[in-house]
Amino acid sequence: MFKKGLKYIHAGFTLAEVLITLGIIGVVASLTIPTLMQNSTEKATVVALKKTYSVLSQAYKLAELDNGSPDQWDVVAGDHMLSPLLPYLKVTKNCLDGSKGCWPPGVDYKYMTAAWGGLGVYDDAAGPKLMLADGTLIYGLSYTSDCSTPVGDTLSLQNACGIYYVDVNGFKRPNQWGIDTFLFYLTKYGIVPAGTPPDTQFRFLSDCKDKDGGNGMPCTAWLIYNNNMDYLHCNDLGWGIKLKCD
């Protein structure tokens, strides 16, 4: 409000102008907030997966110091060599005997391309499982006890013992490969994330690169080494070719 001569003139917004402004703000918020939330979730997933990789690798190194390489571990049949790692992991629930409770009950895990259908209820599986203190879930599948299975073109990948399924956000959704569920190899020489360029069993280009046609199982290495989940947003990524969407 300002004075002009003896008259006062009121300067301000009309109700219509206020409503129009609020409408514009609402539209902008509806367009930007979901993207910001998605970016935040993806960054949190990358951090969680890298932490899990570090935890497993550290436990492996300590188990190796005490027991030798995995092909020398004296393990109970069926526990997929998880028992030697157990003393070095912070575990909330132990299902190494195949019992239930360490994975979401009744949840049918999905491929990254959900239209492909489900992969099964891991809580019902007879294999060894663990729930870590931070909520991370681990499920093991064995190859051979002498770690002689070739799954790639490096020394480690020529000597795989088995694989670990890992759900980094525990019982929370979406319980889907390449989104919150990932795969690591247990090898004679350490823990290796699935989907590295030398990996011949789980290939990034065929099963992670295409968000509309991939199963999501080889996405682990991409997150760890490239720090993004951009394979969910574009289909032209590749190791040494393009590491982020435009």
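For this structure, a couple of remarks:
Listed here are the residues, each with its yes/no results for (1) among the β-branched types (V, I, T); (2) under 25 Å from S83 (Cα atoms); (3) without any contact (Cβ under 8 Å) to a residue 60 or more places away in the chain.
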site: Y165; (1), (2), (3): no, yes, yes
site: G195; (1), (2), (3): no, no, yes
site: F204; (1), (2), (3): no, no, yes
site: D212; (1), (2), (3): no, no, no
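- Selection count, the range 209-246, where residues are modelled with pLDDT of 95 or more and polar (S, T, N, Q): 4
- Scanning the range 211-227 for residues that are surrounded by 18 or more Cβ atoms within 10 Å (Cβ to Cβ), assigned to a loop (DSSP other than H, G, I, E, B) and not basic (K, R) turns up G214, N215, G216.
- Unmet requirement for S206, which otherwise passes all of (1) outside any loop (DSSP other than H, G, I, E, B); (2) at pLDDT 95 or above: (2)
- Some residue of the range 56-66 being at pLDDT below 95, among the acidic types (D, E) and assigned to a loop (DSSP other than H, G, I, E, B): no
- Of all residues in the range 192-203, those satisfying the criterion of being in contact with a Phe, Trp or Tyr (Cβ under 9 Å, 6 or more places away or on another chain) and either over 29 Å from S40 (Cα atoms) or assigned to a strand (DSSP E or B) (or both) are V192, P193, D199, Q201.
- Considered as a group, the residues in the range 150-191 that are among the small types (G, A, S) and not in a strand (DSSP E or B) include one that is surrounded by the most Cβ atoms within 10 Å (Cβ to Cβ), and that residue is G178.
- Matching residues, the range 126-147, being in contact (Cβ under 8 Å) with a residue 40 or more places away in the chain, in contact with a Phe, Trp or Tyr (Cβ under 9 Å, 6 or more places away or on another chain) and part of a strand (DSSP E or B): L130, M131, I138, G140, L141
- Within the range 128-149, tally of residues that are modelled with pLDDT of 95 or more and in contact with an Asp or Glu (Cβ under 6 Å, 6 or more places away or on another chain): 1
- Take the conditions (1) closer than 26 Å to Y231 by Cα; (2) touching a strand residue (DSSP E or B) at 6+ places or on another chain (Cβ under 7 Å); T154 misses just one of them, which is (2).
- Unmet requirement for D123, which otherwise passes all of (1) in a helix (DSSP H, G or I); (2) more than 17 Å from the chain's Cα centre (by Cα); (3) farther than 23 Å from G106 by Cα: (3)
- Residue count, the range 134-160 (criterion: over 17 Å from the mean Cα position of the chain (by Cα) and within 15 Å of L56 (Cα to Cα)): 0
The values are calculated or read from the model by the stated rules, or taken from the named source; none is laboratory data. This is a predicted model, so every value here is computed, not measured. All Cβ positions, glycine included, derive from the backbone under ideal geometry; neighbour counts span all protein chains shown.
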